[in-house]
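Scroll down for the structure; my scribbles are underneath it.
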Amino acid sequence: MNKASIRTESGQSVSFVYFLLDRSTGLAKIGHSSNPASRISALASRHRGIDLKRSAMVETDTRALEYVLRAVFSKSRRRVDGYVDGYTEWFDASIFDEALSFTAHVGSVRGKDYPVTRDLTEVVETHRREAGAKWVGGAMERMPAQRPSAEAFLALLAEVAAERAEDCLEILAEQHIDGLVTDGHNWAIERSVERHIEPELWTQERFSPARWSSRLMTAATVVVSGSEDYGRSFSALTGVTLDRGRDTAQEFIHLPSDWQELAVGDTDLAKRNFFAPLAEVLSELPVRQVAAETGPFAGRSTNRAVEQ
């Protein structure tokens, strides 16, 4: 099973929208994950005020539910200063129960029953027990008696690529994505940015490592320590461009021109492990066509991008 995409026996993709209540700040976090136990565990570690007993998650068949919730409760959105991981997904805690009820309403309108799990304590504790046991077992299995061979490094790189793909999908899910844009050769993920939501993009702070796209680029770096001799580490995303207006901007995350082929290729398992789950999500997005080397690809004949 692909860790980045949980599926039912019928092959249908399963998504989870989680609702976390932080009593210390009076805020609630609404987010999406295909691996909710891991995501919620990480957030609970970073935000000690999260009350897992009061929190909940909903199993759904569409990633769009999170976007709907953000739109409906947009006036209650609150910025969390000093925190960078999904800081735009926090809302005033007063909407917590209403948001959960609205989720059930969306399901009923669509003729779906969205199962709700309340009290996420056991979900998180089980994940931490299993993750700890897996880490210990994996560390013992990977401990080499001598320097690993090139084949062993490549196998480990493939494992890391799958983990990094999951990280990237989690970061991508933090923001609404408009779709893909292409000139027939170059490709980029496109999203709209509003100044009142991310004012740092209109200042020099846009170059900060805390920026959403900077974290995404970091997560897309697939490397195994000590593998440099074999030259197989890679950056799965090729750069970022930003087209700013007065109050809105378009941010473009550039993909390799052959990302679709890499997703199904047989010659590079590490790249396939990264791009296959990414392609599964991106294939659901609308595609906007532009003329060659225009828009975010202006003046570029290769697929390397820099911030501009």
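The values are calculated or read from the model by the stated rules, or taken from the named source; none is laboratory data. Because the structure is a prediction, the values reported are computed rather than measured. Glycine also receives a Cβ, built like all others from the backbone with ideal geometry; neighbour counts cover every protein chain displayed. Surface accessibility is based on the protein's heavy atoms, side chains included, excluding ligands, DNA and RNA. Shrake-Rupley method; radii C 1.70, N 1.55, O 1.52, S 1.80 Å.
Screening P286, P199 for residues that are of a type outside the set (S, T, N, Q) and closer than 22 Å to R78 by Cα leaves exactly one candidate, P199.
The residues of the range 107-123 that are at pLDDT 90 or above, out of contact with any helix residue (DSSP H, G or I) (no Cβ under 8 Å at 6 or more places or on another chain) and either more than 27 Å from D22 (Cα to Cα) or part of a loop (DSSP other than H, G, I, E, B) (or both), listed by number, are P115, D119. Counting the residues of the range 2-48 that are modelled with pLDDT under 85 and either touching a Phe, Trp or Tyr at 6+ places or on another chain (Cβ under 6 Å) or within 19 Å of S283 (Cα to Cα) (or both) gives 14. I'm checking my understanding of the structure. Among residues of the range 67-86 that are surrounded by fewer than 16 Cβ atoms within 10 Å (Cβ to Cβ), of a type outside the set (K, R) and not in a helix (DSSP H, G or I), which one is modelled with the lowest pLDDT? Result: V84.
Quick one: in the range 24-66, of everything that is among the polar types (S, T, N, Q) and part of a helix (DSSP H, G or I), which residue is least open to solvent (accessible area, probe 1.4 Å)? Before you say what the answer is, go through the steps one by one.
The initial filter retains those residues of the range 24-66 that are among the polar types (S, T, N, Q), namely 24-25, 33-35, 38, 41, 45, 55, 60, 62.
Pick out the ones that are also part of a helix (DSSP H, G or I) and you get 38, 41, 45.
Working: S38: 40, S41: 10, S45: 51 Å².
Once the filter is applied, the top-ranked residue is S41.
The lone criterion from (1) free of Cβ contacts under 8 Å to residues at least 60 places away in the same chain; (2) under 20 Å from K29 (Cβ atoms) left unmet by Q175 is number (1). All but one of (1) farther than 28 Å from F91 by Cβ; (2) open to solvent by less than 70 Å² (accessible area, probe 1.4 Å) hold for L282; which doesn't? Failing condition for L282: (1). Suppose we filter the range 285-294 for residues that are open to solvent by 50 Å² or more (accessible area, probe 1.4 Å) and either in a helix (DSSP H, G or I) or of a type outside the set (S, T, N, Q) (or both); how many remain? Here the count works out to 6.
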